[in-house]
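Only the coordinates and a few stated rules stand behind these numbers; no lab work does. The structure displayed is predicted, hence computed values, not measured ones. Every residue, glycine among them, receives a Cβ derived from its backbone with ideal geometry; neighbour counts consider all protein chains shown.
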Protein chains: 2
Amino acid sequence: MRIGVLGTGMVGRTIGSKLIELGHQVRMGSRDADNEDAHAWASGAGNPATTGDFADAAGFGEVVFNCTAGMHSVDALDAAGADNLDGKVLIDVANSLDSSTGRPPTLGIVNTESLGERIQAAHPEARVVKTLNTVNCEVMVDPAIVPGDHVVFVCGNDDAAKAEVKGLLGEFGWPEERMIDLGDISQARGPEMYLPLWLRLMGPLDTIRFNIALRMAPPG
Amino acid sequence: MRIGVLGTGMVGRTIGSKLIELGHQVRMGSRDADNEDAHAWASGAGNPATTGDFADAAGFGEVVFNCTAGMHSVDALDAAGADNLDGKVLIDVANSLDSSTGRPPTLGIVNTESLGERIQAAHPEARVVKTLNTVNCEVMVDPAIVPGDHVVFVCGNDDAAKAEVKGLLGEFGWPEERMIDLGDISQARGPEMYLPLWLRLMGPLDTIRFNIALRMAPPG
């Protein structure tokens, strides 16, 4: 599949590399088509990926990953252009982390809104699916590095888009029974607002490679 | 131990009953000392608990539980009075759920602040410990109804107060290795902001008796 990856940070590079490993065609997009991180990544040994600006990468993809920093995602997707996003599955893995308030960061979009919703509102014809934002990028693309039946959340308005995203999550190694479908894109408030807890668990757990598993009382 | 339980809702009654079962002396406090729920609960067969207004219950307790609805907790603790709270361990299990915005509720205190912090700021001489707010009250007082090594979070500025609270959590059945100490009271933002995810998991999990367990990659 042709996949556009917007964002050249650790998340974009990790997802891009995994998609290539899985046999997909990848174009990585950045604000500036001459982005050095993107060129360095794409020139790695045996890396067949191409690079471009946000519009190039989004236009290339049949599916588009938003791996930009959450506080800049709406601008990045504006730059990508509605023509390059409309009708496509747009997978939003970002968090609106705002470090301007100190450490740990707060959320820039929160509580009565979510980044996933804001992206969907800005691009009503894109098929936005929020997922993977609750784990570090190494865990996103290789959940087996964390033992146990830990979970990933999926939210979006378009059931066919969610099914397609679940297929990609399966390629990453997520078993279907560990993909928790929370409903429409407004439900993204849940997994996005989990981030402040995630940020506070890194220290006590002494790792960023962790995740949560769900435990329930038996029925009745 | 003499324990004041502020709040006559499901959470206060469940925690109060458990404390009695454990042999503690309990006084339940409400805005109005003639609260019918409190009287009905305290007149249950074999229930030695007493009731009163917020100030009566806080004054009675060597330790005080805040089980009031989060949006009213600061007012309730003002009514309890600084003289009845200063120097005491004040265990805050509440969430600032705000249903005025529709369902599911949003949080009334969030992101750059938390209910735990606001209570500590209003009562600087109380030894506030935030805990248990991430699970339903049945799970709070009987974690074994949910199988597996699911966790509870503890935050507060006073280490001795946290140690005392961990002792009570142990009496409720929480093993010490499953009590995650997140640090000072400002860390309450993490477990409080988990609530929107909790609210969205009830449906898919088809129960309110659930919790999260932590899974980590092995070191290195």
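Let me spell out the model: positive unit charges on the Cβ of Lys and Arg, negative unit charges on the Cβ of Asp and Glu, origin at the Cα centre of the protein assembly as shown. What dipole size does that give, in debye rounded to 20?
On the way: 34 positive and 60 negative charges, 129 e Å.
Using only the charged Cβ atoms, the result is roughly 620 debye.
Evaluate Rg over Rh across the range A:67-170, taking Cα atoms for both radii and Kirkwood's formula for Rh. Numbers along the way, then the final one.
On the way: Rg = 14.3 Å, Rh = 14.6 Å.
In the range A:67-170, Rg relative to Rh is 0.98.
Write down the Kirkwood hydrodynamic radius of chain B, to one decimal in angstroms, obtained as one divided by the mean of 1/r over all alpha carbon pairs. All intermediate terms of the calculation are to be shown ahead of the outcome.
Working: mean 1/r = 0.0573 Å⁻¹.
Here the Kirkwood hydrodynamic radius works out to 17.4 Å.
Once R0 is set to 22 Å, what does the formula 1/(1 + (r/R0)^6) return for the Cβ-Cβ distance between residue B:82 and residue B:33, expressed as a FRET efficiency to the nearest 0.05? All intermediate terms of the calculation are to be shown ahead of the outcome.
On the way: r = 20 Å, r/R0 = 0.89.
So, using R0 = 22 Å, E works out to roughly 0.65.
Which whole number gives the average, over all residues in A:208-214, of C-beta atoms from other chains lying within 10 Å of the residue C-beta?
Numbers: counts 2, 5, 4, 6, 9, 8, 10.
Mean inter-chain Cβ contacts per residue within 10 Å come to 6.
Could you tell me which of B:126, B:191, B:170 has its Cα farthest along the dipole of the range B:81-198 towards the positive end, charges placed at Cβ (Lys, Arg +1; Asp, Glu -1), taken about the Cα centre?
B:191
Based solely on C-alpha atoms, express the radius of gyration and the Dmax of the range B:1-46 in angstrom.
My reading of the Cα-based Rg and Dmax gives 9.7, 27 Å.
With n ≥ 4 as the cut-off for DSSP H runs, can you work out [θ] at 222 nm for the protein assembly as shown, using -39500 (n - 2.57) per run divided by the number of residues, rounded to the nearest 500?
Numbers: 20 runs with 162 residues, N = 440.
Helix-only estimate at 222 nm: -10000 deg cm²/dmol.
If you plug each phi of the range B:122-135 into the Karplus form 6.51 cos²θ - 1.76 cosθ + 1.60 with θ = phi - 60°, what whole-Hz ³J(HN,Hα) values come out, in order, with x for Gly and Pro?
Karplus values, whole Hz, x for Gly and Pro: 6, 10, x, 8, 7, 9, 6, 10, 8, 6, 6, 5, 9, 9.
Between the label point of residue A:183 and that of the same position in each other copy, find the distances and list them shortest first in nm, with every label point placed 7 Å from Cα along the Cα-to-C-beta direction.
Label-point separations across copies, in nm and ascending: 3.3.
Calculate, axis by axis, the spread of Cα positions in the range A:150-220 along the three principal axes, and write the results as whole Å, longest axis first.
39, 33, 26
Whole number please: convex hull volume per residue of the Cα set in the range A:46-95, in Å³?
Details: hull volume 4.1 nm³, N = 50.
Residue-normalised Cα hull volume stands at 82 Å³.
Quick one: compute the contact order of the range B:78-178, relative version, from alpha carbon pairs under 8 angstrom and 6+ residues apart, as a percent.
On the way: 117 pairs, mean separation 27.1, N = 101.
Here the relative contact order equals 27 percent.
To the nearest 20 Debye, how big is the dipole of the range A:45-179 about its Cα centre, given +1 on the beta carbon of each Lys and Arg and -1 on that of each Asp and Glu?
Working: 8 positive and 21 negative charges, 70 e Å.
Once rounded to the nearest 20, the dipole reads 340 debye.
Please give the FRET efficiency for residue B:103 paired with residue B:160, using the beta carbon to beta carbon distance and R0 = 41 Å, rounded to the nearest 0.05.
Numbers: r = 40 Å, r/R0 = 0.98.
Using R0 = 41 Å, I get an efficiency of 0.50.
Over the Cα atoms of the protein assembly as shown, Rg to Rh with Kirkwood Rh, two decimal places?
Working: Rg = 23.9 Å, Rh = 23.0 Å.
The Rg/Rh ratio comes out at 1.04.
Could you list the square roots of 5 times each eigenvalue of the Cα gyration tensor of the range A:14-88, that is, the equivalent ellipsoid semi-axes, sorted largest first and rounded to whole Å?
Numbers: eigenvalues 79, 39, 22 Å².
In descending order the semi-axes read 20, 14, 11 Å.
Would you mind checking the tilt of helix B:195-205 against the longest principal axis of the Cα atoms of chain B, expressed as 0 to 90 degrees and rounded to 10?
For helix B:195-205, the angle is close to 70 degrees.
Hey, got a sec? Which GluC sites (Glu not before Pro) in the range B:56-141 land in a DSSP loop and have at most 15 other Cβ atoms within 10 Å? List each step's numbers first, then the result.
Working: sites: B:62, B:113, B:117, B:125, B:138; in loops: B:62, B:113, B:125.
Of the GluC sites (Glu not before Pro), the ones in loops of the range B:56-141 whose Cβ has at most 15 other Cβ atoms within 10 Å are B:62, B:125.
With a cut-off of 8 Å between alpha carbons and a minimum separation of six or more residues, what is the relative contact order of chain A in percent?
Relative CO of chain A lands at 17 percent.
Using only the Cα atoms, work out Rg/Rh for the range B:1-132, with Rh taken as the Kirkwood radius, to two decimals. Spell out each step's value before the answer.
On the way: Rg = 14.2 Å, Rh = 14.6 Å.
When Rh is taken as the Kirkwood radius, the ratio is 0.97.
Got the residue B:39 label distances to the other copies yet, label 7 Å along Cα→Cβ, in nm, shortest first?
Taking the point 7 Å beyond Cα along Cα→Cβ, the inter-copy spacings are 8.1 nm.
Could you point to the residue in A:140, A:16, A:203 farthest towards the positive end of chain A's charge dipole, with +1 and -1 charges on the Cβ of Lys/Arg and Asp/Glu respectively?
Among A:140, A:16, A:203, the one farthest towards the positive end of the dipole of chain A is A:203.
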